[in-house]
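> Would you mind keeping the following structure in view while I ask a few things?
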Amino acid sequence: MGVSQQRKVTPYEAIWPGFESYWRDGYAIVRGFFHRDEISDIAAALDQLYAEGVAHGRCFRHGNLFYNVARERAGSEPLVRMVQWPSYHHPVLNKVRLDGRFADLLEPLIGRDLKQIINQVHWKALGSLGDFAWHQDSRFRRPAEAYRNLATAYVQTGLAIDPHTAESGCMRVIPRSHLRGELDMDCSKKALGTEMTDDALETINFSSADVVDLLLEPGDLALWSPYLVHGSGKNLSDHKRRLYINGYVRAADCDRGEWAFRRGRPVPFGPRPAIVHYDDLHDRPEPHYPAD
């Protein structure tokens, strides 16, 4: 390759050793990806988003925007567990997902032309419905024909808004489990709200001895493969545990999702939302409360 044809080395490629560990272990961490003052602004946006979910009092959808709201028991206060695609609604969160640091970081992994198929916030309220069973994200990439080359074309990212510790229900991973591709895991129950169990690991020939806690400080960014086995438990700490997740895919390998970057430059939302996971988007785009 001649000098004039050499690809420009991105800032993160030049200083961050995590690319090798990402491919080897199925996950990696970038410390201090966002600054503390930026995280403070994001946290304020998430507080507003949470209050909106509580005000709805139940699950609510408007196009791709979806509030997952539950109650621990009848008569208890609503708990917002997750909001999908808040970036249609909140400019602060939309600005984050299109931040050029993501383009620079991901270019050596999946290129410069990227779509986005995950944009969501996860909350873990103190001591309540916060479990996420052992799973692979590949189980959610449906229809399968729309998502090609998952192992090499897709990267999930999670930005820590609060400390992620063992006590606060941090993400737990099985390093190198991604190397075995899609595993025969039990998908009969929803992952959200179901506890992690040793039995689930044993059925795929892993054990609790293989587990690593993904410990993060506010502003740290985790990256993981769609085939990485992972989960998380309850928040037993004295503080919130929030994670802002953005999943990116090489555009040529995905028929769904919103454009995020073309040639490394951010792409704003178009006039018509793209189908991601909500198949009835164009038939029922109006605000509504889905049936329980």
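> Report ³J(HN,Hα) in whole Hz for each residue of segment 246-256, in order, from the Karplus equation J = 6.51 cos²θ - 1.76 cosθ + 1.60 where θ = phi - 60°; Gly and Pro get x.
Each residue's phi maps through the Karplus curve to give 9, x, 10, 9, 4, 4, 5, 9, 9, 8, 10 Hz.
> With θ set to phi - 60°, apply the Karplus curve 6.51 cos²θ - 1.76 cosθ + 1.60 along segment 110-124 and write out the HN-Hα couplings as whole Hz, x wherever there is a Gly or Pro.
So the Karplus estimates, Gly and Pro as x, are 9, x, 9, 9, 10, 9, 10, 10, 9, 8, 7, 10, 10, 10, 10 Hz.
> Using a 7 Å offset from Cα along Cα-Cβ at Lys95, what residues in segment 24-47 end up with backbone N under 15 Å from the label point?
34-46
> Can I ask one more? Per residue, what volume in Å³ does the convex hull of the Cα atoms of segment 124-165 enclose?
122
> Now for a separate question. So what J values fall out for segment 101-108 if you push phi through Karplus, 6.51 cos²θ - 1.76 cosθ + 1.60 with θ = phi - 60°, rounded to Hz, Gly and Pro as x?
Result, ordered by residue: 5, 5, 4, 5, 5, 8, 3, x Hz.
> Right, another one. Between Ser188 and His56, what is the label-to-label distance in nm when each label sits 7 Å out along the Cα-to-Cβ direction?
So the two model labels end up 3.0 nm from each other.
> For segment 9-260, what is one quarter of the convex hull surface built on the Cα atoms, given in nm²?
13.1
> Right, another one. Over segment 9-260, what is the relative contact order in percent, taking alpha-carbon pairs closer than 8 angstrom and at least six residues apart?
Once divided by the residue count of segment 9-260, the mean separation gives 31 percent.
> How big is the Kirkwood radius of segment 1-128, worked out from every pair of different alpha carbons and given in Å to one decimal?
Hydrodynamic radius (Kirkwood, Cα only) of segment 1-128 equals 17.3 Å.
> Filter Lys190/Lys234; Lys124/Lys190; Lys189/Lys240; Lys8/Lys115; Lys189/Lys234; Lys115/Lys234 down to the pairs with a C-alpha to C-alpha distance above 23 Å, please.
The pairs that break the limit, which is 23 Å between Cα atoms, are Lys189/Lys240; Lys115/Lys234.
> Under a Cβ-Cβ cut-off of 11 Å, what is the net charge of the residues other than Ala14 that fall near it, where Lys and Arg count +1 and Asp and Glu count -1?
Here the count lands on -1.
> Given the Cα-Cα distance of Ser207 and Glu20 and 0.36 nm per residue of separation, how much length would full extension add, in nm?
Using 0.36 nm per residue and subtracting the Cα-Cα distance, I get 64.8 nm.
> Still on this model: For the chain, what is the charge dipole size about the Cα centre, in debye to the nearest 20, if Lys and Arg each add +1 at the Cβ and Asp and Glu each add -1 at the Cβ?
800
> Now for a separate question. Could you work out the helix-only [θ] at 222 nm for the chain, with each DSSP H run of four or more residues adding -39,500 (n - 2.57) and the total divided by the number of residues, to the nearest 500 deg cm²/dmol?
-6000 deg cm²/dmol
> Next question. Using modelled amide H (1.01 Å from N, peptide plane; none on Pro or chain starts), what sits under 5 Å from the amide H of Met82, excluding residues fewer than 5 places away?
For Met82, the qualifying residues are Asn68, Trp123.
> Between segment 236-258 and segment 1-70, how far is it from one alpha carbon centroid to the other, in angstrom?
6
> Please report, in cubic angstrom per residue, the volume enclosed by the convex hull of the alpha-carbon atoms of segment 147-283.
153
Only the coordinates and a few stated rules stand behind these numbers; no lab work does. Keep in mind that this is a model prediction, so the values were computed, not measured. Positions of Cβ are generated from backbone atoms using ideal geometry, with glycine treated the same way; all protein chains shown enter the neighbour counts.
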